[in-house]
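Read-outs throughout are calculated quantities, based only on the coordinates presented, and are distinct from any laboratory measurement. This is a predicted model, so every value here is computed, not measured. Cβ sites come from the backbone with ideal geometry, for glycine too, and all protein chains shown count toward neighbours.
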Amino acid sequence: MIEVKDLTKTYGNNARGIRDVSFKIDKGEIVGFLGPNGAGKTTTMRILTCFMPATSGSATVAGYDVFEDSLKVRSRIGYLPETVPLYTDMQVPVYLRFVAGLKGVPWKEIKNRVAAIMEQVGLTHMAHKFIGELSKGYRQRVGLAQALINDPEVLILDEPTIGLDPQQITEIRTLIKGLSGERTIILSSHILPEVSMLCKRVIIIDEGRIKAMDTPDNLTTQLTKSNRVLARIGGQQAAILSELQKMPGVKRVDCLSGESDGGTGSYTVEFESGGQSSHLVARLAGERKWDLYELSPMKMSLEEIFIRIVTEEETKK
Amino acid sequence: MRNFFFILVKELRSYFYSPVAFVVITIFSALTGYYFYNIFANFSTVSFQAQTDPMVAQQYGILNVTEFVIRPFFGVLSFVLLIMLPMLTMRVFSEEKKTGTIELLLTYPVRDIEAVVGKFSGCMGIFTIMLSLSFPCIMLVAFFGDPEWGVIASGYVGLFLMGGAFISLGIFMSTLTENQIIAAVLSFASLLMLYMVGATAGFVGERMGHFLEYISIITHLDNFAKGVLDTSDMMYYLLFMLFFLFLSMRSLESKRWRA
């Protein structure tokens, strides 16, 4: 659906921009763009939406080149820019009818389409208001509504949940999740749990280059070279520590909390090899007759992965 | 065609949602009304004096209401338009650039020509309303006197074309910057320059003089105000409009290829 090849964009002498970005997104995929501020997320999106040209490289959306067949590309995408620029002097339905008209919704359907989309994003009770009077959260909804109005094949959302309160964030996320299916969605964010929640695939981008591209799960296993288990065990701390240490394949054991004279303590056990290893701790606890209160494999969060990828690159330099 | 229509309606709407249209139209009407009063009152005084004093009658010759009221009135209208129209056009693209709405507009499936011509027509709509509000003055002349309707018609055609030229230049200036003040100043400066350039014609030699006279945006209106419909004057204004609308399109488009 979307194919980007060696895309490069430079802004004068400024180092910002993107360099040799290539990726491919299939129909129906939700892909997350992840990166710190100024990493090149918005630049990539602006090139895909035909707002600005690339310095070199090519990008196609639905088989059409963004530079050569700009009109065809533009009629197939819905775009929500980061700042959600809207005409503040227009009323919500008037604005949406204007956008529907420009995006080629047939005359007769415009009215119904606007009503339906306002219902979908929860704007119906704001119908009489001017966009300038709306709060940030509602403006974001108007932004989403204008992107969705012609039911586009591709949705490009630049930080769709930025600046919203927690409840609104959940609502918008549910909305985006509900949109997936036939649609191809690219969304950028620096809120990592959001990306891992919504996206099947993550593209991590930093300083204009793609640093990693995979599913959140694969990224986790790929990066977690050892795997860790968290266990809460009752018993003598010193004994437990030494027994855990003696287990085969254990790299390191830490005691997070607990009293030395019995009671319960939390321990992290780090194994050298990947794969499942919680059962080994459970087996040992059974043999030694320890009271095992809690046992869980510790996963790396996307945050940790992200920080690791970005910092690893820096240390390599 | 469809997109053109939607943009035109949106432009007209936003002029009236904000006070811009009301302010510009009101000020325009007030100024032209005041000037008209001066011209008309002066004419009535002169004709009264001419009736009683043969010296005055000789000095002015035949007192013709079309010649002494309608023609100067068109001149005044042209000058007030020069002041007011950049106020209408300065926001056209600058505002969209400043607020970032241009990013959405340019990522919709809209051709640049549709955006430019749509916005141009929106301004022309407001300008037509402005211009039509000067018509009651003409009606007043017709009530008391007997003006030549042919001259009035051709004068309005001329003003309409000239206003279009002012607007096209203003729109082009607004595509260049995101600052509305800069857009307005650039429009004023270039229009005033084109307005006055004819004054230099007398002392730069014959060839250059003809050229400057032809370039001047106001000399062509004189013919219209005299009731002379000359195709060369019409072509001047039409080409002027086409030229600046074309430049505006190019200026917008350049965002898409200027890497």
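For segment B:98-107, the Karplus equation 6.51 cos²θ - 1.76 cosθ + 1.60, evaluated at θ = phi - 60°, returns couplings of 5, 7, x, 5, 4, 4, 6, 4, 7, 9 Hz by residue, with Gly and Pro reported as x.
Compared with the dominant Cα axis of chain B, that is its longest principal axis, helix B:149-176 is turned about 30°.
Where does each of B:E148, A:E182, B:E114 land when they are ranked from fewest to most other beta-carbon atoms within 10 angstrom? Don't skip to the end; give the middle numbers.
Numbers: B:E148 15, A:E182 9, B:E114 21.
Taking fewest neighbouring Cβ atoms as first place, the list is A:E182, B:E148, B:E114.
Among B:G209, B:G61, B:G158, the largest mean-square fluctuation in a Gaussian network model of chain B (Cα springs under 10 Å) belongs to B:G61. Charging the Cβ of each Asp and Glu at -1 and of each Lys and Arg at +1, and nothing else, the dipole of chain B about its Cα centre rounds to 960 debye. Computed on segment B:123-259, with alpha-carbon pairs under 8 angstrom and 6+ residues apart, the relative contact order is 32 percent.
Contact order normalised by length for chain B, with contacts defined as Cα pairs under 8 Å and 6 or more residues apart; what percent is it? Could you put the intermediate results ahead of the total?
On the way: 288 pairs, mean separation 66.6, N = 259.
Dividing the mean separation by the residue count of chain B yields 26 percent.
When a/c reaches 1.5 or more, the comparison of a/b and b/c decides; with that in mind, is segment B:151-246 rounded, prolate or oblate per its Cα gyration tensor? Oblate shape, in that a/c is at least 1.5 and b/c is the bigger or equal ratio. The lysines within cross-link reach of A:K246, meaning a Cα-to-Cα straight distance under 19 Å and a gap of 8 or more places when in the same chain, are A:K289. This model, with +1 at the C-beta of Lys and Arg and -1 at the C-beta of Asp and Glu, gives segment B:12-105 a dipole about its Cα centre of some 240 debye.
State which helices in chain A qualify, where a helix is a whole DSSP H run, it must extend 15 Å or more along its own axis by its Cα atoms, and its mean Kyte-Doolittle hydropathy must be at least 0.5.
Working: long enough: A:92-102 (16 Å, 1.55); A:110-121 (17 Å, 0.33); A:136-148 (18 Å, -0.51); A:166-179 (20 Å, -0.09); A:278-288 (16 Å, -0.14); A:302-316 (21 Å, -0.20).
Span-like helices here: A:92-102.
Can you say what percent of the DSSP beta bridges in chain A, counting only those with both residues inside, are antiparallel? Round to 5.
Working: 41 of 60 bridges.
Percentage antiparallel, nearest 5: 70.
For chain B, taking Cα atoms only, Rg and Dmax work out to 20.6, 75 Å respectively. Of the residues A:T42, B:T219, the one with the fewest other Cβ atoms within 10 Å heads the list, and the complete ranking is B:T219, A:T42. Between B:E148 and B:T66, the built amide H atoms are under 5 Å apart, and every one of these is 5 or more places off in sequence or on another chain. Normalising the Debye intensity of segment A:225-298 to I(0), with uniform scatterers on Cα atoms only, and taking log10 at q = 0.11, 0.12 Å⁻¹ returns -0.22, -0.26.
Positive end of the dipole of the protein assembly as shown, charges at C-beta (+1 Lys, Arg; -1 Asp, Glu), about the Cα centre: which of B:A57, B:G118, A:M298 has its Cα farthest in that direction? About the Cα centre, the residue reaching furthest to the positive side is A:M298. Shape class of segment A:129-169 from the alpha-carbon gyration tensor: oblate, with a/c at 1.5 or above and b/c at least as large as a/b.
Relative contact order, whole percent, for chain A stands at 18, derived from Cα pairs under 8 Å and 6 or more residues apart. For the Cα atoms of chain B, what angle does the longest principal axis make with the long axis of helix B:71-89, in degrees from 0 to 90, nearest 10? The answer is roughly 20 degrees. Counting neighbouring beta carbons within 10 Å and listing from fewest to most, the residues B:M124, B:M162, A:M1, B:M193 come out as B:M193, A:M1, B:M124, B:M162. Amide hydrogen proximity for A:R183: with H placed 1.01 Å from N in the peptide plane, no residue at 5 or more positions away or on another chain lies under 5 Å.
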